[in-house]
Every structure is written in C-alpha cells, then in structure tokens.
Amino acid sequence: MTIQHQPDDEPQAAIPQETVGASAPGAAEATQPDDERFMRLALQEAAAAAELGEVPIGAVVVHNGEVVAQAHNLRETDADPSAHAEFSALVAASRALGRWRLTGCTVYVTLEPCLMCAGLMVNARIDRCVFGAYDPKGGALGTLYNVSHDPRLNHEFEVTGGVLEDECAAQLKAFFAQLREKRRAAKKARRE
Ligand SMILES: [Zn+2]
C-alpha cells in the first residue's frame, strides 16, 4: 500500500516531557486508577491502525467503568478526513448508548486530539478526555488550543494528558521511521 502523508502531517509526539505538559493549561488534571488500563486498550487500537498502514492512533470510550466503543484511525482506508480514532469512537459510543449527549463518558486516545475531535467532544458533552502523547503540531487540548476549557464555549470537560506518554509517542515514532525507510527504499529502487 502506498501511503502519501505529507511531511507536516507527522505529529512530533516524541518531544521531551519537560518541554511540554507541565505548562499545558488544559492538561493538568490528575490521573485516575484505571487510566493506564484503558490507555493500553487505546494503544492496541493504534497498533491495529499501523497494521493497515494508517498513522497509529487509537481510542476507546468508557462509560461507568466499561468500554462502550473503540476505534482506530482509518483516514486512508476510508478516504475520510473525519476518520480520526477518537471521532469514530465518539460516534460509535453514541450509537451504543442511543444518545448524542455523552455525559458520563471518558475518551481515551493515544495522541492529543485535534481541533475537529476536541470540537466534537464539546458537542458530545463528554466528562473527560485522557490522552497519551502531546501534539505540538495540532493538539487542541492544551497545546495549540485549549478547547476543553474555553469559557466562550457552552461545555467544559476535564483533561489528563501524558498517560503512557512514552509508549504512545514511541508507537508513532516507530511508524514514521518505518515510513521514511520505505520511502528511501522506493527512491533507491527507482534509481536502480
Ligand atoms: Zn482529530
């Protein structure tokens, strides 16, 4: 499969912790006991995306301590700009619960959500979002924007960033390293 991500598509998720996170205003809330367990499920979803040649991002939605939806990035496969992991997981959670209002739900996602997904979280009235790696190129929950805590919007929600950050970032880094390697090999093959 040919993957045609633009170079600036790559989230720079592997930056050192001390340069981010601590100062991100929306990402200060404390972790909860099951956060790592659910983030591991999101990481499994992300791995399923990588197997399809998709950027490895995974998400799960939890309600009353139970997973009600899980999804991974399918943007290339579905040729759909909205097919981000957490966006699809939110839609699936609404279908599972039979309501658009996702009060009482926590979204776990391996990379800090973008503006579109953070916007959907506001519209879905979620309680909380927990993410793994910070995204300095697109993060909308504390890094570039602070969509979860914007008093102009009609809903605010809790955010905890940096849960299993190293694993989430490493998965993305490995994927893009492999992609660059494949491109180099393809270029070399064309020259020969
Ligand atoms: Zn998104």
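Close amide-amide hydrogen proximity is noted between Val130 and Val107, Tyr108, Val109, Thr160, each under 5 Å apart and 5 or more residues distant or on a separate chain (H modeled in the peptide plane; Pro and chain starts excluded).
Panel order for Glu165, Glu181, Glu156, Glu66, by other beta carbons found within 10 Å of each beta carbon, from fewest to most: Glu66, Glu181, Glu156, Glu165.
The local environment of Gln70, defined by Cβ-Cβ distances under 11 Å, has a net charge of -2 under the rule Lys, Arg +1 and Asp, Glu -1. Magnitude of the charge dipole for the chain, about its Cα centre and with charges confined to Cβ atoms of Lys, Arg (+1) and Asp, Glu (-1), is about 700 debye.
For region 98-178, averaging the sequence separation of C-alpha pairs within contact (under 8 Å, six or more residues apart) and dividing by the residue count gives a relative contact order of 31 percent.
Grab the DSSP H runs of the chain that are 4 residues or longer, score each as -39,500 (n - 2.57), total them, divide by all residues and round the 222 nm result to the nearest 500 deg cm²/dmol.
The helix contribution divided over the chain gives -12000 deg cm²/dmol.
Near Val147: Cβ cut-off under 12 Å, other residues only, Lys/Arg at +1 and Asp/Glu at -1. The net charge is -2. Normalising by residue count, the chain has a Cα convex hull of 110 Å³ per residue. Put in line by how crowded their Cβ is, counting other Cβ atoms within 10 Å and starting with the fewest, Arg40, Arg128 read Arg40, Arg128.
The relative contact order of the chain, computed from alpha carbon pairs under 8 Å that lie at least 6 residues apart in sequence, is 22 percent. A simple count of charges around Glu112, restricted to other residues whose Cβ falls under 12 Å of its Cβ and scoring Lys, Arg +1 and Asp, Glu -1, yields -2.
Bear in mind these aren't lab numbers, they're just calculated from the coordinates by the rules spelled out. Note that this is a predicted model, so its numbers are computed, not measured. As a convention, Cβ positions derive from the backbone with ideal geometry for all residues, glycine included, and neighbour counts pool all protein chains shown.
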